[in-house]
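The next block holds one structure in the form of structure tokens; read it before the comments.
The values are calculated or read from the model by the stated rules, or taken from the named source; none is laboratory data. Note that this is a predicted model, so its numbers are computed, not measured. Please note: Cβ atoms are built from the backbone with ideal geometry, for glycine as well, and neighbour counts cover all protein chains shown.
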């Protein structure tokens, strides 16, 4: 059985707008993401198709070699059509501003965001070191350049 990776320490600073809100936390021990809360001064109602930039009330220092990914919450997406249009969003290791979430109502009814609502989740992920090597051509594969649904949606025969 694989063992869990050693915890990564991420420094977090509460901002004035988030003093009374919980810090990011996992909902269950097996959760990959840490829930993020809306640090809104007043309720925000989104009409269908409307977007808002929602503050969280904190800033973080992600260690070099890692990123923090902002991802949607599945229940909000399924039940209300609330999505993050740039998901996953990335917080780089050198960003020190407030963590803010772009939220969009892709549903068919108005949706109200309230202070303290869990609006997204944050996942910490290591970055692979990469180096570009320019070549004249790439090796061939069975798939080749096929993409964007080239394999269809039905189960393939073996």
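Among all residues of region 80-100, there is at least one that is within 27 Å of residue 19 (Cα to Cα), in contact (Cβ under 8 Å) with a residue 60 or more places away in the chain, outside any loop (DSSP other than H, G, I, E, B) and under 17 Å from the mean Cα position of the chain (by Cα).
Residues considered: 18, 57. Of these, the only one that is within 14 Å of residue 99 (Cα to Cα) and either in contact with a helix residue (DSSP H, G or I) (Cβ under 6 Å, 6 or more places away or on another chain) or in contact (Cβ under 8 Å) with a residue 60 or more places away in the chain (or both) is 57. Among the residues of region 18-38, those that are assigned to a loop (DSSP other than H, G, I, E, B) and more than 15 Å from the chain's Cα centre (by Cα) comprise 19, 20, 21, 22, 23, 27, 28, 29, 30. Counting residues in region 134-144 that are surrounded by fewer than 17 Cβ atoms within 10 Å (Cβ to Cβ), over 17 Å from the mean Cα position of the chain (by Cα) and either touching a residue at least 40 places away in the same chain (Cβ under 8 Å) or in a strand (DSSP E or B) (or both) gives zero. Answer yes if at least one residue in region 120-128 is surrounded by fewer than 18 Cβ atoms within 10 Å (Cβ to Cβ) and assigned to a loop (DSSP other than H, G, I, E, B), and no otherwise. Within region 120-128, one or more residues are surrounded by fewer than 18 Cβ atoms within 10 Å (Cβ to Cβ) and assigned to a loop (DSSP other than H, G, I, E, B). Can you spot a residue in region 61-68 that is buried (at least 20 other Cβ atoms within 10 Å of the Cβ) and within 18 Å of the chain's Cα centre (by Cα)? Yes, region 61-68 has at least one match. For region 108-158, the set of residues classified as at positive phi and at pLDDT 95 or above consists of 116 only.
Can you confirm whether residue 41 is in a loop (DSSP other than H, G, I, E, B), in contact with a strand residue (DSSP E or B) (Cβ under 9 Å, 6 or more places away or on another chain), loosely packed, with under 12 Cβ neighbours inside 10 Å and at pLDDT below 95? For residue 41, the condition - in a loop (DSSP other than H, G, I, E, B), in contact with a strand residue (DSSP E or B) (Cβ under 9 Å, 6 or more places away or on another chain), loosely packed, with under 12 Cβ neighbours inside 10 Å and at pLDDT below 95 - is not met.
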